[in-house]
Amino acid sequence: MIIKGGTPLKGRIEVRGAKNLATKAMVATLLGKTPSVLRNVPNISDVRVVAGLLALHGVLITKGEDADEWHFDPSNVEVAHKADIDAHAGSSRIPILFCGPLLHRLGEAFIPDLGGCRIGDRPIDFHLDALREFGAVVEKLPSGISLTAPNGLKGANIELPYPSVGATEQVLLTAVLAEGQTELRNAAIEPEIIDLICILQKMGAIISMEPNRVILIEGVDELRGYDHKAIFDRNEAASWAAAALATKGDIFVGGVRQEEMMTFLNAYRKVGGDFDVHDDGIRFWHPGGDLKPVTIETDVHPGFMTDWQQPLVVALTQANGTSTIHETVYENRFGFTDALNTMGANIVVHPNGLSEAGRRVKRREFEQAAVITGPTPLTAADVVVPDLRGGFSHLIAAMIAEGESKVSNIGIIARGYENFIEKLRLLGADFVFEA
Ligand code: EPZ
């Protein structure tokens, strides 16, 4: 994309179902005896990768009358050829969630090497340890992971070392059909996980949320299909909100709810952005005047999401003073700031974190901090998108930079932002796109 900066983004766009729910809801269809219907499905490449993997395993996928309504018929689930599965290697992280459902349906599973954004090591030890607790036998192969369950899957007592989103989903998708009760402690409780629990409950599962991050799951003998509208994408919403702030624009983001955005909205207000909550979405805008610096620590829900920091950092380059972002979820999520510095930003990344006074207790061994001093005018540059959220932040930076920027490798952004080129056009962005 060749982007000419300087145009405030203004208008209305809609966000669709969350990437980080829809893809998991699709995996859950494997657990049902009868077909499922998922509505509000985003048109993003991660959804297409998961659809491809489901189809390989015999799930019949058709579209409903509306393009965002997908039907999944799991009547003929079958073992897929390893070579065909391998073709999906490196394309997404969702395949790891196929373990439990495939073990229940077929007694075996082969999971290709995972993909996803390079924002840290992203190990899967919590997933594999939990699966072993259920009785799965895990074999690591050069090209992926092979799993069997010679004695079936049985409920387990599991305590996660960290409230991992993926590992919590792994346990849920496995425990619902495992024999007996599962107690999961230190579970993640992100809104997308609650939405997945709602889906599983519709399917016939018995899952209760207990205080203090404990989830109890009573295994049942069988589950049916579901009909569900996916929760909106909080990350997409925050990205457009940040774009409105950075470009001094005014964007009505349709489909967004306040409740799941509360933490983000507080930060938005502290930085100097304004918003109005409506029944059908939230209007975000720059009310004029200086933006203010903030200190933010990313965290698990209900904290400030790690996926929200990248787009907001671009707006912080325009704030009057020094902001600090402590990244506590991933160990390497500031790579995108190199390109912002090339464009004129003043961002110093501290790879081992900062322990300033006033800081909450350091939670993990690895932490990074970025110190952003503004305001710095940005100038156009040629940038190569490194990952999904970082890539969107580069788009925003180019939208405010003086001159024409060339942003390449934007295919990555399509993994998680539905029709973003069309949405940018609707908002009046000045760019040329060469496919
Ligand atoms: C999900 O990743 C999301 N991805 C991420 O969104 C999101 O940033 C993250 O949750 C946190 O909210 C999807 O839902 C597809 P985690 P996930 O397991 O499940 C460590 C985006 O841009 N960990 O909660 O992979 C891990 O390395 C993406 O949309 C282990 O050590 O995240 C990380 O430091 C990026 N061992 C931390 O836990 C494990 O076995 C949190 O990861 C699993 C995780």
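The values are calculated or read from the model by the stated rules, or taken from the named source; none is laboratory data. Since the model is a prediction, treat every value here as computed from it, not as a measurement. As a convention, Cβ positions derive from the backbone with ideal geometry for all residues, glycine included, and neighbour counts pool all protein chains shown.
Inside the range 304-333, can you point out the residues that are surrounded by 24 or more Cβ atoms within 10 Å (Cβ to Cβ), assigned to a loop (DSSP other than H, G, I, E, B) and more than 14 Å from the ligand (Cβ to nearest atom)?
Answer for the range 304-333, where residues must be surrounded by 24 or more Cβ atoms within 10 Å (Cβ to Cβ), assigned to a loop (DSSP other than H, G, I, E, B) and more than 14 Å from the ligand (Cβ to nearest atom): just 317.
Is at least one residue of the range 68-90 part of a loop (DSSP other than H, G, I, E, B), assigned by TED's automatic domain parsing to the domain that holds residue 150 and within 16 Å of the ligand (Cβ to nearest atom)?
From the range 68-90, those part of a loop (DSSP other than H, G, I, E, B) are 68-69, 74-81, 87-90; that's our starting set.
Narrowing further to those that are assigned by TED's automatic domain parsing to the domain that holds residue 150: 68-69, 74-81, 87-90.
With the extra rule that they be within 16 Å of the ligand (Cβ to nearest atom), the set shrinks to 88, 90.
Yes - at least one qualifying residue is present in the range 68-90.
Here is a yes/no grid of residues against (1) polar (S, T, N, Q); (2) more than 18 Å from residue 93 (Cα to Cα):
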| position | (1), (2) |
| --- | --- |
| 176 | no, yes |
| 192 | no, no |
| 195 | no, yes |
| 202 | no, yes |
| 208 | yes, yes |
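Taking into account only those residues within the range 139-160 that are at pLDDT 95 or above and within 14 Å of the ligand (Cβ to nearest atom), which is farthest from residue 305 (Cα to Cα)?
So the residue we want is 158.
Given the conditions (1) assigned to a helix (DSSP H, G or I); (2) closer than 26 Å to residue 321 by Cβ; (3) in contact with a helix residue (DSSP H, G or I) (Cβ under 6 Å, 6 or more places away or on another chain), and given that residue 251 satisfies all but one, which numbered condition is not satisfied?
(1)
Mind telling me which of the residues 278, 301 ends up being within 16 Å of the ligand (Cβ to nearest atom) and either at pLDDT 95 or above or in contact with a helix residue (DSSP H, G or I) (Cβ under 8 Å, 6 or more places away or on another chain) (or both)? Let's see the steps before the verdict.
Details: 278 fails: within 16 Å of the ligand (Cβ to nearest atom).
On inspection, the qualifying residue turns out to be 301.
Of all strands (runs of 3 or more DSSP E) completely enclosed by the range 1-67, which ones contain at least 2 residues that are surrounded by 17 or more Cβ atoms within 10 Å (Cβ to Cβ)? Even if it seems obvious, please write down each step before you answer.
Working: elements: 2-4, 10-14, 36-39, 60-63.
The qualifying strands (runs of 3 or more DSSP E) are 2-4, 10-14, 36-39.
Kindly indicate whether any position in the range 250-269 is closer than 25 Å to residue 377 by Cα and in contact with an Asp or Glu (Cβ under 7 Å, 6 or more places away or on another chain).
no
Just the residues that are part of a loop (DSSP other than H, G, I, E, B), surrounded by 22 or more Cβ atoms within 10 Å (Cβ to Cβ) and of a type in the set (S, T, N, Q), please, taken from the range 398-434.
None; the set is empty.
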